[in-house]
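Worksheet: one structure, shown below.
The values are calculated or read from the model by the stated rules, or taken from the named source; none is laboratory data. From a predicted model like this one, the values you see are computed outputs, not experimental measurements. For neighbour counting, all protein chains shown are included, and Cβ atoms are generated from backbone atoms with ideal geometry for every residue, glycine included. The protein model used for the area step is the full one, side chains on, heavy atoms only, and it has no ligands, DNA or RNA in it. Shrake-Rupley method; radii C 1.70, N 1.55, O 1.52, S 1.80 Å.
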Amino acid sequence: MNKPTPVKKTKTRRTKTKRTVPHGHAHVFASFNNTIIMISDQAGNALAISSAGSCGFSGGKKSTAYAAQIATNQVANQAVNAFGLKKLDVFVRGIGQGRDSAIRTLLNRAGLQVETITDKTTIPHGGVRPRKARRV
């Protein structure tokens, strides 16, 4: 008896096309301890993300303006090289030291044009219930 020859399955692979995103959003979250920068497309899908901590800064150095500048520069390079980003809308949240530095770095970055800067920092309204009146 002859054994049937096994059928070889060929795998088809899709060719990767380079996705271009000409207009994106930059989200800057500047807290007292760290600065996180994310660049996304118009739909909100993340393209590149970085923080001062992921750039090698630790402890109190993460909250500095210089650390935010390095992190912002790294994110901008990733987005421009990988997706061909040209224009940005910047959304800023928080009141940390890296806030102005991140915006300034995005403005001065060659090849990126900042169209709008929007402050999305939350403002408390109403607050918590006050303490009861002290009776002596």
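Mind pulling up the Rg/Rh value for the stretch 48-136? Radius of gyration and Kirkwood radius, both on Cα. Intermediate results must be reported in sequence, preceding the final value.
Numbers: Rg = 18.2 Å, Rh = 15.1 Å.
A ratio of 1.21.
Placing a pseudo-label 7 Å from each Cα along the Cα-to-Cβ vector at Ser54 and Asp89 gives an inter-label distance of 2.3 nm.
At a probe radius of 1.4 angstrom, the accessible area of the chain per residue rounds to 75 square angstrom. Assuming a ≥ b ≥ c are the square roots of the Cα gyration tensor eigenvalues, decide whether the stretch 1-77 counts as rounded (a/c under 1.5), prolate (otherwise, with a/b larger than b/c) or oblate. Here the stretch 1-77 falls in the prolate category. For a 26 Å ceiling on Cα separation, which of these pairs sit above it: Lys16/Lys62; Lys18/Lys86; Lys61/Lys87? In this structure, Lys16/Lys62; Lys61/Lys87 lie more than 26 Å apart at Cα.
Run the helix sum for the chain: -39,500 (n - 2.57) per DSSP H stretch of 4+ residues, divided by residue count, reported at 222 nm to the nearest 500 deg cm²/dmol. Write out the running numbers ahead of the final one.
On the way: 2 runs with 30 residues, N = 136.
Theoretical 222 nm ellipticity from helices: -7000 deg cm²/dmol.
Cα centroid separation, the stretch 1-54 to the stretch 59-94: 18 Å.
Here the extension length gained between Tyr66 and Ile117 equals 16.3 nm, from 0.36 nm per residue of separation less the Cα-Cα distance. Just the protein heavy atoms count here, and of the accessible area of the chain at 1.4 Å, carbon and sulfur take up 53 percent. Amide H contacts for Phe91 (H built 1.01 Å from N in the peptide plane; partners 5 or more residues away or on another chain; cut-off under 5 Å): Ala26, His27, Val28, Thr118.
Suppose we keep just the DSSP beta bridges with both residues in the chain; what percent of those would be antiparallel, to 5?
Values: 11 of 24 bridges.
The answer is about 45 percent antiparallel.
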